[in-house]
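A short worksheet on the structure shown next.
Please treat every number below as a calculation from the coordinates, not as lab data. Worth saying up front: this structure is predicted, and the values here are computed from it rather than measured. Cβ placement follows ideal geometry from the backbone for every residue including glycine, while neighbour counts extend to all protein chains displayed.
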Amino acid sequence: MLYSDVKIEQVKSIGEHVDELSELLIKTVDDGASIGFLPPMKHSEAKAYWETLLNPEEMLLIAKTNDQIVGSVQLHLCTKKNGIHRGEIGKLMTHPHFRRNGIGRLLMETAEERAKQEGRSLLVLDTREGDPSNRLYTSLGFVEAGRIPFYAKSANGELHPTVFYYKSI
């Protein structure tokens with residue numbers, strides 16, 4: 001797949017995308033991603049998550065190729081008076097069959113641009129220590145801020161540290 005074959009768009013309404021997004025979430029979680037859920041994930045759980053996601057502070061960006069959703073990322077805009085300058089990246093997902101094609105990078109770059117358009121100057125995120133996403137985030141200029149041990153549980157019950165990152169934009 002060519003980088004140019006992937007289109008990023010902002011989703012304003014989940015309705016028409018709920019089944020595809022649910023499938024993306026299930027495949028990503030069942031493949032071992034640490035994004036707040038544990039495998040095996042039920043379709044009803046994934047659907048319920050997506051149906052309650054969007055609100056004015058949450059932006060959902062999706063990556064599509066050949067009219068198929070192959071990735072997504074969320075940008076959470078802080079609305080607290082002392083945090084109006086920041087946003088948080090959440091749940092970066094790339095369908096397992098489409099990884100290593102630049103989709104995650106493209107989603108992150110687009111989220112950063114949207115954050116700038118919204119007047120944000122700081123992005124934050126966290127990810128499980130040791131996951132491939134750590135390399136992606138540092139390659140995009142995110143700086144490690146610290147770690148918390150025993151933060152995320154995996155399917156086998158093991159507790160893993162999480163790494164917090166920030167980036168001035």
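For region 119-169, taking the reciprocal of the average inverse distance between every pair of different Cα atoms yields a Kirkwood hydrodynamic radius of 11.5 Å. Suppose the Debye formula is applied to equal point scatterers at every Cα of the chain; what is log10 I(q)/I(0) at q = 0.20 Å⁻¹? Log10 I(q)/I(0), no solvent term: -1.53.
Net charge dipole, the chain: roughly 480 debye, given to the nearest 20, about the Cα centre with Cβ charges of +1 for Lys and Arg and -1 for Asp and Glu. Helical content of the chain, expressed as a calculated mean residue ellipticity at 222 nm, amounts to -8000 deg cm²/dmol (DSSP H runs of 4 or more residues, -39,500 (n - 2.57) each, divided by residue number, nearest 500).
Scoring 18-24, 6-12 by mean Cβ neighbours within 10 Å over their residues and listing the highest first yields 18-24, 6-12. Cα centroid separation, region 23-87 to region 88-140: 12 Å.
Of the cross-linked pairs Lys7/Lys153; Lys47/Lys153; Lys91/Lys153; Lys27/Lys91; Lys27/Lys80; Lys27/Lys116, those separated by over 25 Å at the C-alpha level are Lys7/Lys153; Lys27/Lys80; Lys27/Lys116. The ellipsoid that matches the Cα gyration tensor of region 84-169 has semi-axes, each √(5λ) in whole angstrom, of 23, 17, 10, with the longest given first.
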